[in-house]
Amino acid sequence: MIDLSSNESPYGRSIEEMRDLCGGLEDLNRYLGYGELDRLESELAEYCGVDKERIFIGSGTDNLIKNALLKVYERMDLIVLNPCCNGVVETAKDLGMRIRRIQLRPPEFRVDWKSIEIQKSIVVFDYPNNPTGQLLIEKDELEELLTNGNMVIIDEAAYEYSKRTFAGLVGDYEKLAVTRTLDKAFGLAGLRVGYMVAGDYFINSIRKTVEINRPAFFGVINALRNKSYLIKNVSNTLKERALVENRLRELGFDVYKSQANYLCVRSDIGDLALRLRVKGIIVEDLSQEWLDGYCRISIGAKDENSRLLQEIERICR
Amino acid sequence: MLKAGLIVNPIAGMGGKVGLKGTDGKMYEKALELGAEPISPGRIEDVLDLVKRRDLYFFCAPGSMGEDYLHGRGFRFEKVGQTADETSREDTIRIASEMMAKGAEIIVFVGGDGTARDILDAVGMDVPVIAIPSGVKMFSSAFVFSPHAAAEMIDCCGDDYTEKEVLDIDEDAFRGNRLDAKYYGTVRVPDIQRLLQGKKAASNVRNSAKDKKKEVAKYIVDNMNRDCVYILGPGTTVKEVADALGVEKTLLGIDAVCNSESVGVDIGEKEILKLIGNHKMTKIIVTPIGGNGFIFGRGSRQISSEVLQKVGRENIIIISTLEKMGGLDNIHIDSGDYEVDREMGGNIGVLIGYNEEIIMEVKY
């Protein structure tokens, strides 16, 4: 089965590489301590170009956002884009928050932030957007949301592919936080480590805790120190993305320009996701919760993408 | 020069405001008895006034089926076929065939699902069509979503066409509270998707969707105002509100409740206006039609532009489920009055759960 549905890195590591990466296995009888967490925060702060106290590390981005909501949600609405990650919506429901979704519409998927009344809200969205791969907010629009008293949490899970970030603004806006992950471009989805670059309001509201485990700690430290995997992965993915994008266009698909490691596509082929699944290829079918004919396809390794395109060509014949 | 056929079903849509849900068969006479007025003439006149291109040559049906609306509008035209005083579906089929024989490159017609079936019977997929909605139901995806969209389509249509469905709606079943929609056939229409309405999707009745509707209904009931009359539109989602209150509600008609009691069942425009006049506050609860997103102007003509004007945008509550809304680009309105539609336009929240909404744009 070829899984092109979860935006993971398609490139695995050898056992030797994994052993080098996840050191400290001889100390698995010991908890990870605050001293080690401190070290990891320093490494991530350097990577992000921010002060260490702004870094919060957690077991996945969903958990970081959930923890943030728990501390700051009072009397606030949650604003998300539709489609969106259900984890944050479920948490907001549990907290009794009013939830407002903004529907994304093709072909531009643009959000007219200024035309929507957004006050006393926590706004959570992906940048680039998942599933469209688009950058759906401008700096001035973000600043307006923040100066109107809203809190904004931006998930930059695909930052390494887009190279676009708002992390540099957290020092200026206390209610801004940016989350990122080691799951995608660093190829460490199995370790599930995310981090938040937080503005002062979040720093003062959330307590730092040790949520990750020892192999994850070493894995992240080493992945940050030796970026050869990251560089190669991103470079290959961007090259492959261009190839897949062009071929799908030739085949008559609407393919939306993406800044991430996935493509949002639309086709007139009914049940495309199901037909691919029968052939052993999983892509994310967006027609169930969103628009008919839309799929999100993660960019895989060269051979995976070739298989995908072959099967689609067969379906199109 | 584009040679276009023009056929208007002059009685289409007359059953709507008076709550008859169609004018097939003997319902036309009943609609007249109830004081219904023609809708199609106004629709085609709106379209023709908005059309900018002048390289058009119309083959038009006689009298109220086409010719009457072209006089004095600066278009070149030629009358095709003949009709008796009272027009029929046979006239539509025969005249459309004659237009095709004369070389019409496209047929512009005004009517509902029934008219669309007649045109399809005559021209099949040989000649493309521009379907202007003026019926009561108009659930087929072949229709453009408003007169403005129709005019734009006439102005912009070129050589690109797409295939769209024509549905066969059983009018008797519709009157009897059931939506029985069958695929009837396919027509070709200009490929300008943004101007076309989607088809009516079968309402999702899976358990999870049912639970969601209950959640929405609970939120509505928990937040109802005392002495306010609530006009309840058609559909299973709105019926859930009535069920939560324990009052009667027709599935496809318009009903009303006040202080948790029924104050109107299957009412028409006149009764709605009377209720508005007798209460200090009125709210309308509607659900968009699945697949095409219409809140007003399809299937619920009783909630007329006058009703909407009196109630006001702020008192319109739109309810749905995420499954239904997530599949829509926009919500649509085609009340028959462009100014009212314009006032209703812009972003609006649609309630999709308990205290949960999705912000959609209302297009007109």
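The values are calculated or read from the model by the stated rules, or taken from the named source; none is laboratory data. These numbers were taken from a predicted model, which means no experiment stands behind them. So basically every Cβ, Gly included, is an ideal-geometry build from the backbone, and we count neighbours across all protein chains shown.
Listing for the model above:
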| item | result |
| --- | --- |
| Pairs, first over 10 Å from B:GLY63 (Cβ atoms) in region B:76-94, second of a type in the set (D, E, K, R), C-beta under 6 Å, six or more apart | B:VAL80/B:GLU98; B:GLY81/B:GLU98; B:ARG89/B:ASP118; B:THR92/B:ASP118; B:ILE93/B:ASP118; B:ILE93/B:ASP121 |
| Residue under evaluation A:TYR195, criteria (1) crowded, with 21+ Cβ neighbours inside 10 Å; (2) out of contact with any strand residue (DSSP E or B) (no Cβ under 7 Å at 6 or more places or on another chain); (3) under 15 Å from A:LEU40 (Cα atoms), criterion not met | (2) |
| Only one of A:ALA158, A:ALA242, A:ALA167 that is more than 30 Å from A:ARG100 (Cα to Cα) and at pLDDT 95 or above | A:ALA242 |
| Some residue of region A:243-257 being farther than 26 Å from A:ALA223 by Cβ and among the polar types (S, T, N, Q) | yes |
| Where B:PHE139 falls short, out of the listed (1) assigned to a helix (DSSP H, G or I); (2) within 21 Å of B:GLY290 (Cα to Cα) | (1) |
| Qualifying residue in region A:285-297 (condition: touching a residue at least 24 places away in the same chain (Cβ under 8 Å), surrounded by 15 or more Cβ atoms within 10 Å (Cβ to Cβ), more than 14 Å from chain B (Cβ to nearest Cβ) and out of contact with any Leu (no Cβ under 8 Å at 6 or more places or on another chain)) | no |
| Filtered residue count, region B:214-247, keeping only those that are of a type in the set (S, T, N, Q) and exposed (fewer than 15 other Cβ atoms within 10 Å of the Cβ) | 2 |
| All strands (runs of 3 or more DSSP E) inside region B:49-125 with 3 or more residues being in contact with an Asp or Glu (Cβ under 8 Å, 6 or more places away or on another chain) | B:56-60 |
| Residue within region A:95-118 that is farther than 17 Å from A:MET196 by Cβ, in contact with a Phe, Trp or Tyr (Cβ under 6 Å, 6 or more places away or on another chain) and not acidic (Asp, Glu) present | yes |
| Some residue of region A:251-263 being surrounded by fewer than 15 Cβ atoms within 10 Å (Cβ to Cβ), within 19 Å of the chain's Cα centre (by Cα) and at pLDDT 95 or above | yes |
| Members of region A:132-164 found to be touching a residue at least 60 places away in the same chain (Cβ under 8 Å) and closer than 30 Å to A:ILE299 by Cβ, listed by number | A:THR132, A:GLY133, A:GLN134, A:LEU135, A:ILE153, A:ASP155, A:ALA157, A:ALA158, A:GLU160, A:TYR161, A:SER162, A:ARG164 |
| Residue that is modelled with the lowest pLDDT [pool: residues in region B:165-202 that are surrounded by 22 or more Cβ atoms within 10 Å (Cβ to Cβ) and either touching a His at 6+ places or on another chain (Cβ under 8 Å) or of a type in the set (Lys, Arg) (or both)] | B:LYS200 |
| Selection from region A:124-135 of residues that are in contact with a Phe, Trp or Tyr (Cβ under 9 Å, 6 or more places away or on another chain) and either surrounded by fewer than 17 Cβ atoms within 10 Å (Cβ to Cβ) or within 14 Å of another protein chain (Cβ to nearest Cβ) (or both) | A:PRO131, A:THR132, A:LEU135 |
| Residue match in region A:213-220 (condition: in contact with a helix residue (DSSP H, G or I) (Cβ under 6 Å, 6 or more places away or on another chain), among the aromatic types (Phe, Trp, Tyr) and either within 14 Å of chain B (Cβ to nearest Cβ) or closer than 21 Å to A:PHE56 by Cβ (or both)) | yes |
| Check on B:GLY336, buried (at least 21 other Cβ atoms within 10 Å of the Cβ), away from every other protein chain (no Cβ under 12 Å), touching a helix residue (DSSP H, G or I) at 6+ places or on another chain (Cβ under 7 Å) and assigned to a loop (DSSP other than H, G, I, E, B) | yes |
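Listed here are the residues, each with its yes/no results for (1) buried (at least 21 other Cβ atoms within 10 Å of the Cβ); (2) away from chain A (no Cβ under 12 Å); (3) acidic (Asp, Glu); (4) out of contact with any helix residue (DSSP H, G or I) (no Cβ under 7 Å at 6 or more places or on another chain).
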site	(1), (2), (3), (4)
B:VAL265	no, yes, no, yes
B:LYS274	no, yes, no, yes
B:GLY290	yes, no, no, no
B:GLY297	yes, yes, no, yes
B:GLN302	yes, yes, no, no
B:THR321	yes, no, no, no
B:GLY326	yes, no, no, yes
B:GLY345	no, no, no, yes
B:VAL350	yes, no, no, no
